[in-house]
Every structure is written in structure tokens, then in C-alpha cells.
Amino acid sequence: MAKSASISSASSTATRATASWRDYYEMTKPNVVMLLLLTALVGMCLATPQWVDWKVLIAGLAGIGLLSSAAAVINHVVDHRIDSQMARTYNRPVAKGKVSVTHALIFAAVMAVAGYGILEFAINRLTALLTLASLVGYAFVYTMFLKRATPQNIVIGGLAGAAPPLLGWTAVTGEIHAHALLLVLIIFTWTPPHFWALAIHREKEYAKAKVPMLPVTHGVEFTKTSVLLYTVLLCLVCLLPYLTGMSNLIYLIGSTALNAGFMMYAWKLKFAATDKTAMQTFKYSIVHLMILFVVLLVDHYIPISL
């Protein structure tokens, strides 16, 4: 018994020794959070015709970023068994045992409390509550339940990841506006073809981990069709900012070009795919969203109309 306890203690010490700041940084999914913060920033800027107050800008992005990072860490903890079975994620800090579940949860709790506090006291309660709701939606509703319960997991759970533009908007105005919800709709519609392209590429790994992603439950061809149809829907949704007068000519031209590229990849994925097409589609989708929101920002400050 004493020997067992000694081994356990040594293992724990080894885990602590191998963990570094890079492991904790990796758990926050910095690339994902940076994309979320870009969309939040655009939501802030589009909420006002003037420049956003720098105090609101810094505090808002800090609070949203901390809560988003906390959600990412919780995702690492909840999914560490699944992560350990997939080539893409097996080396993640919790899955690899570099960071213990307890330490990861403490890290997440500290960031969540700090992020909520910043939004509550430096921004407004509406933004704080909406951001907290997004954390709960992603870290608990999606990761703990939907991901394991239905092949439509990413469609339903995608709402949490689509919230940052709304959070940015409410940080500036303290109100929910239809234009902010339109930005949410764009990301909500973008999420399924973005993630299903990756799921097609990793279909065997998801099957091994027993995660009911759409390619696992309905087959790769059905998923390719779904990616194509959702991309068509995304192209239509992306027209709405221009049609509603929210944006101008720069956005119309930019979004049309970006959507044409997405359609090209989705069409190729369905009708002329190679082994690399699914991952190429996934990578393009990230570039698509990033540049789309940059174009929205440019269009807001340089309005050109026909």
C-alpha cells in the first residue's frame, strides 16, 4: 500500500515537473481564441460609428478572452480520453498527462472568475452574463453532452462559438441589436461546413473514439453533401449585411470573392475530392472567416456605396 502511494506520489511529481507555461498556454487554444477575439473586435467596432473607447476595448477583449480560454481548458479536461485516442490531439497536455485534471480545472476557474469580474465591473452585466453563458454552452452543453449524443452536435453547439461578435457589440452598447445577431448568424452557418470538413479528414479517428460525428453516423458522402449545402446557405447569409444596409460595397465584393472560394472547395470536396481536399477545405474555411471579418471592419471605416 505504501509502495503504491509512493509510486502515485512520484508520478504526480513527474507530471508537475514536465508541465511548463507552454502546456498551460496550449490548453487555452490560443489560435481559436484569437479568431474569436477578432470577431468580438469587429462586433465592437460595428456597434459605433466612432472609434471604440480604449478602456472598453481592452477590458472587453480581456474578459471575453479569459472566459473563452477557460472554456477551452475545460474542453481539454472533459475530452482528454477522446483526445488520447486521436492523432490530432493525443499530445495535448491533459491527454498526455503533462497537466493534471485538478491543475487544469484550477487554471480554468481562475481565468473564468477573472474574466467574469472584468466584464461585470469594467464593462456591463449583460456582456458578463452572455459570455458566461457561452462558456457553459461550449464547455458543458456541447463538450459534455451534445458531442457525445448527436451527429448534429456541432450545429447546435456552434451557437456558443458564434457569440463573440454579439459580446463585442453589447460591451460597447449594453444592448442586443439585430445587426449583432446577423454577425452571429454568419458564424453559426459557417461552423458546420468548417468542422465537418475536418471530421471527414479524421473520420476513422472519431469512429475509434466513438464520437458520433456526422461522417461516422451518416457516412462521408452524406457529410460532403451537407458541407456543400451549408456552404450555399452561408453564401446567402453572407449577403444579408449588404442587403440590410449594415455594410457597403467593399464588403459585398470581398464576401462574394471569399464565398466563391469556399464554394469551389465544397464543390471539389463533393465531386472531385482527393485525400487532401477535406483538410484543404477546413484550412480555407478559417481563412474565409478571418478575412471576412477584416473586410467587415474595413468596410465600416471606409464606406463606399454604389
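Of note:
- Between TYR25 and TRP267, the simple label model (points 7 Å from Cα in the Cβ direction) yields a spacing of 4.2 nm.
- Mean ellipticity per residue at 222 nm, deg cm²/dmol - from DSSP H runs of n ≥ 4 across the chain, formula -39500 (n - 2.57): -24000 deg cm²/dmol
- Inter-part distance where segment 102-143 and segment 240-297 are each reduced to a Cα centre, Å: 31
- Fully extending the segment from GLU221 to GLN85, taken as 0.36 nm per residue of separation minus the present Cα-Cα distance, adds 46.5 nm.
- Segment 221-306 shape via C-alpha gyration tensor axes, a/c threshold 1.5: prolate
- Paramagnetic label zone (point 7 Å from Cα along Cα-to-C-beta, ALA260; backbone N under 17 Å) in segment 221-239: 232, 235-236, 238-239
- Residue-wise HN-Hα coupling along segment 78-83, computed from phi with Karplus coefficients 6.51, -1.76, 1.60 (Hz; x: Gly, Pro): 5, 9, 5, 5, 5, 4
- On Cα atoms only, tilt of 125-136 relative to the major axis of the chain in degrees: 50
- Cα gyration tensor category, rounded, prolate or oblate, for segment 24-178 with a/c compared to 1.5: prolate
- Signed unit charges on C-beta, dipole axis of segment 178-306, positive-most listed residue PRO303, TYR242, THR191: THR191
- C-alpha long axis of helix 164-173 to longest principal axis of the chain, angle in °: 60
- Sequentially through segment 185-193, phi angles give Karplus couplings (6.51, -1.76, 1.60; θ = phi - 60°) of 4, 4, 5, 4, 6, 6, 4, x, x Hz, Gly and Pro residues having no value and appearing as x.
- Rounded, prolate or oblate (a/c below 1.5 giving rounded, otherwise prolate when a/b exceeds b/c) for the chain by Cα gyration tensor: oblate
- J(HN,Hα) series, segment 226-231, from Karplus relation 6.51 cos²θ - 1.76 cosθ + 1.60, nearest Hz, glycine and proline x: 5, 4, 5, 5, 5, 5
- With the simple model of a label 7 Å out from the Cα in the direction of the Cβ, VAL113 to ILE286 spans 3.3 nm.
- Efficiency of FRET from Cβ geometry, ILE58 and ILE304, R₀ 30 Å, rounded to 0.05: 0.50
Since every read-out is calculated from the coordinates, none of them should be taken as a lab result. Fair warning: this is a prediction, and the values are worked out from it, not measured in the lab. Don't worry about glycine lacking a Cβ; one is built from the backbone with ideal geometry, like all the others, and counts go over all protein chains shown.
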